[in-house]
Amino acid sequence: MHTSFPLATGSQLGYQQEQVDRFLEDARSAYEGAGDEAMTSIAVRRRAFPVKRGGYAARYVDAAMDRLEEVFYERERRARVRAAGEEAWWDETRQLLSEVRGRMNRPRGKRFRRRGFFATGYRRSQVDAFLDRVSEMFERRELVLQPAEVRDVVFHSQWRGYDEEQVDALLDSVVELILATR
């Protein structure tokens, strides 16, 4: 299969070409209605690829995945508006914003469940600092963060850090809100 993704060079690791090609072919089929109907923007966002030396350069694949997620999200949004009406869709979006703000308005260091005594989680100070940026963006009603910045944020680990699943779920909601308000 021909692709336009450059390969990782030298000792850099890249995504396994076969996995990327297969996923993109499945996504194309799903979008055209001939494949997996369960393909969603969230499935695209959460897809991870194994790496190998000489695979596809990650930054190019990641950029394509970002665009693909946005295409699927817009299709899903249009379907929800057709099914329930635009006012209902905006009500859902406002409800999601309210839930996200509720979590972000909690005190720093207590926004999420903490991991157990012998477990690591996301570094609380880093998560809180990032969420402060997100909160400021919502308060100013300016989209200064792009969905890719939220998708690509990396937090170091610490003992008794924030529960990763809770943080990741909130970040998914933030991406959805950014896409909804474009």
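The values are calculated or read from the model by the stated rules, or taken from the named source; none is laboratory data. Bear in mind the structure is a predicted one, so any value in this text is a computation, not a measurement. Please note: Cβ atoms are built from the backbone with ideal geometry, for glycine as well, and neighbour counts cover all protein chains shown. Only protein heavy atoms, including side chains, enter the accessible area calculation; ligands, DNA and RNA are left aside. Shrake-Rupley method; radii C 1.70, N 1.55, O 1.52, S 1.80 Å.
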Residue-normalised value, i.e. accessible area per residue, for segment 103-148 at 1.4 Å probe, in Å², stands at 64 Å²
Calculate the spin-label point distance for Glu86 paired with Gln12, positioning each point 7 Å from the Cα along the beta-carbon direction, and give it in nanometres. 4.3 nm
Computed about the Cα centre, the charge dipole of segment 1-109 from +1 Lys/Arg and -1 Asp/Glu charges at the Cβ has a magnitude in debye, to the nearest 20, of 600 debye
Which shape class applies to segment 10-104: rounded if a/c is under 1.5, otherwise prolate when a/b exceeds b/c and oblate if not, where a ≥ b ≥ c are the square roots of the Cα gyration tensor eigenvalues? oblate
Could you work out how far the C-alpha centroid of segment 39-85 sits from that of segment 158-182, in angstrom? 16 Å
Quick one: accessible area per residue over segment 1-101, 1.4 Å probe, rounded to a whole number of Å²? 61 Å²
Calculate the spin-label point distance for Gln95 paired with Arg28, positioning each point 7 Å from the Cα along the beta-carbon direction, and give it in nanometres. 3.8 nm
Equivalent ellipsoid semi-axes - Cα gyration tensor, segment 117-172, angstrom: 23, 11, 9
Of Gln126, Leu96, Pro6, farthest towards positive along the dipole that unit charges on Lys, Arg, Asp, Glu beta carbons give the chain: Gln126
With a 1.4 Å probe and all protein chains in place, put Ile178, Ile42 in order of accessible area, largest first. Ile42, Ile178
Report the residues of segment 165-181 in range of a label on Ala119: point 7 Å along Cα→C-beta, backbone N strictly under 14 Å from it. 165-168
In whole angstrom, and with the biggest value first, how far do the Cα coordinates of the chain range along each principal axis? 51, 47, 28
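On the protein heavy atoms, probe 1.4 angstrom, tell me the percent of accessible surface of the chain carried by carbon and sulfur.
It is 49 percent, rounded to a whole number.
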